[in-house]
Amino acid sequence: MAETQNLNQLVLGVLSKSNHQNHLKQLQSFLTTLGHSQTQFYAFKLVRFSILNLSNLNYARRIFNHLYTPNIYLYTALITAYASISDHLSAFQLYRDMLRRDHPKPNQFIFPHVLKSCNATGFVHAHIAKSGFGRHTIVQTALVDSYSRRSSSDIGCARKVFDEMSEKNVVSWTAMISGYTRLGEIGHALSLFDQMPERDVPSWNAVIAGCTQNGMFSEAISLFRKMIYFSQADEQHNRPNQVTLVCTLSACGHTGMLQLGKLIHGYLYRNKSLCSDPFLSNALVDMYGKCGSLREARKVFNMTSKKSLTSWNSMINCFALHGQCNTAISIYEEMMKHQNDVRPDEITFVGLLNACTHGGLVEEGRHYFHMMTEYYGIEPQIEHYGCLIDILGRAGRFEEALEVIRDMKVEPDEVVWGSLLNGCKVYGNTDLAEFAVKKLIEIDPKNGGYGIMLANLYGGLGKWDEVRVVRKKLKEQNAYKIPGCSWIEVDNEVYQFYSVDKTHPKWEEIYKILQTVRL
């Protein structure tokens with residue numbers, strides 16, 4: 001017994017001081033000469049060291065393959081490692097091999113890792129039920145998460161498992177909420193969140209991030225304020241973390257809530273541990289940029305010690321968004337002086353092309369598009385094509401714009417045809433404008449705004465019969481026009497208004513003031 005304890009201490013001591021694969025091999029040889037090549041405890045330590053300390057999963061698998069009867073802990077270690085690097089096929093195959101050998105028997109801790117790497121959730125679920133682990137909370141939570149990640153048709157299965165759980169913990173609730181947010185079913189997510197008996201930071205983050213990612217920015221900000229309110233009772237409980245603040249700053253940027261963004265910046269400044277976080281720095285730059293506070297955005301950017309590609313992209317896009325094309329291009333040129341650290345990507349070129357669009361820089365736009373595709377080998381996305389066509393359309397170069405559309409490797413969308421249409425309006429190219437509007441109607445026939453554009457176009461040309469045909473068709477299809485929307489921040493609260501909106505409690509006073517201004 002004492003001899004075994006001494007060997008255990010020796011092995012653990014050697015591994016704690018090792019940092020090279022040769023050390024591992026020497027220890028492995030030493031254990032083999034002592035007759036411990038098949039001892040599960042030592043094999044597990046060697047496999048774990050190879051995975052965690054050396055990041056050498058292949059060698060860990062070699063050790064595993066030489067074992068006659070690896071135990072459940074070794075299988076779990078390998079499956080977890082494969083899942084962590086998204087090698088889902090290897091993870092599932094290893095689990096399947098274990099089942100075929102019928103040894104070892106699974107335990108409740110292996111299933112969450114298998115489910116992360118499995119597209120056949122139903123198959124694993126059946127085996128869980130057969131093995132008798134279907135009532136373990138950790139397994140049920142993993143099933144909820146797995147079903148909700150697959151497709152919209154499987155969210156019902158996730159909810160069924162969730163509803164049948166006899167004991168739900170905060171992780172189970174958060175898994176179900178996250179499933180809904182991934183599918184954009186925010187109403188269900190918020191309803192479930194309201195029913196939670198207790199909440200933690202990840203559960204708050206799930207709904208705040210879900211709202212932000214699905215464009216419900218006002219709701220995200222409202223939830224953040226509730227989180228702050230509940231956390232004030234206990235300073236250590238439910239305090240916002242990095243994820244909370246990044247999502248909220250994004251919502252502030254999209255809604256123009258500069259004052260709340262500044263308050264968060266002040267909170268970060270007071271919490272020194274968060275100040276140096278690169279994700280938060282990037283979020284601040286993006287927020288200030290979208291809110292039009294370019295000086296503050298540049299100040300935060302300059303104070304960021306290690307600038308990532310995301311930092312540079314944020315700055316380029318900030319200035320491009322606000323029409324400061326020369327500054328955006330100069331930031332790109334400054335970035336290229338650090339090309340050993342960063343290399344431009346597709347987002348960089350969206351910013352550059354946007355800058356060229358606002359500045360009317362046709363040749364520069366063509367140059368950057370060519371550089372992106374030919375020099376950097378980046379496949380153009382619909383956003384890049386949209387920018388290039390907008391540049392050419394604004395310059396009246398319609399033949400070149402149509403040539404770009406013909407050569408596109410993706411189907412033109414509403415942004416592409418809308419960009420072409422805007423150029424046609426400026427230069428009075430009615431034939432091409434008619435063609436562009438018809439394409440827009442094909443893409444979204446229910447959008448009455450496009451039909452009204454076509455009717456107005458025919459009206460301007462005196463084609464009244466065509467006007468009547470279009471208006472009749474709009475009426476038959478019950479097409480709608482997406483209303484214009486604007487918002488304003490008053491006393492740290494955002495008020496959103498739509499065209500002909502009467503939902504605001506003070507709408508009568510607002511319209512009276514607007515009428516006074518018009519007079």
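Worth pointing out:
- A single member of VAL114, VAL124 is in contact with a Cys (Cβ under 7 Å, 6 or more places away or on another chain), modelled with pLDDT under 95 and assigned to a helix (DSSP H, G or I), and it is VAL124.
- The listed residue being surrounded by fewer than 22 Cβ atoms within 10 Å (Cβ to Cβ), free of Cβ contacts under 8 Å to residues at least 60 places away in the same chain, touching a helix residue (DSSP H, G or I) at 6+ places or on another chain (Cβ under 7 Å) and not β-branched (Val, Ile, Thr), out of ARG239, ARG270: ARG239
- Only a single item in (1) free of Cβ contacts under 8 Å to residues at least 24 places away in the same chain; (2) open to solvent by less than 20 Å² (accessible area, probe 1.4 Å); (3) closer than 24 Å to ASP145 by Cα is not met by SER84, and it is number (2).
- Flag if GLU403 is over 23 Å from THR327 (Cα atoms), at pLDDT below 90 and surrounded by fewer than 23 Cβ atoms within 10 Å (Cβ to Cβ): no
- Counting only helices (runs of 4 or more DSSP H) that sit wholly inside region 8-108, those with at least 3 residues that are farther than 30 Å from ILE128 by Cα are 21-33.
- Against the test of being closer than 26 Å to LYS17 by Cβ and of a type in the set (Lys, Arg), the options ARG101, ARG61 yield a single qualifying residue, ARG61.
- For region 135-154, filtering for residues that are surrounded by fewer than 17 Cβ atoms within 10 Å (Cβ to Cβ) and either in a helix (DSSP H, G or I) or touching a helix residue (DSSP H, G or I) at 6+ places or on another chain (Cβ under 6 Å) (or both) leaves 4.
- Filter result for the condition that a residue is among the aromatic types (Phe, Trp, Tyr) and open to solvent by 40 Å² or more (accessible area, probe 1.4 Å), over PHE92, PHE49: PHE92
- Screening the candidates PHE44, PHE64 for the property of being crowded, with 16+ Cβ neighbours inside 10 Å and touching a residue at least 24 places away in the same chain (Cβ under 8 Å) yields one hit, PHE44.
- Counting only helices (runs of 4 or more DSSP H) that fall entirely inside region 343-432 and contain at least 2 residues that are charged (D, E, K, R) and within 20 Å of ILE329 (Cα to Cα), the qualifying elements are 362-370, 382-394.
- Listed by position, the helices (runs of 4 or more DSSP H) enclosed by region 237-326 that each have at least 2 residues that are touching a Phe, Trp or Tyr at 6+ places or on another chain (Cβ under 9 Å) and farther than 23 Å from ALA220 by Cβ are 294-303, 309-321.
The values are calculated or read from the model by the stated rules, or taken from the named source; none is laboratory data. A quick note: this is a predicted structure, and the numbers were derived from the prediction, not measured. We place every Cβ from the backbone using ideal geometry, glycine too, and count neighbours over all the protein chains shown. With ligands, DNA and RNA removed, areas are computed over all heavy atoms of the protein, side chains included. Shrake-Rupley method; radii C 1.70, N 1.55, O 1.52, S 1.80 Å.
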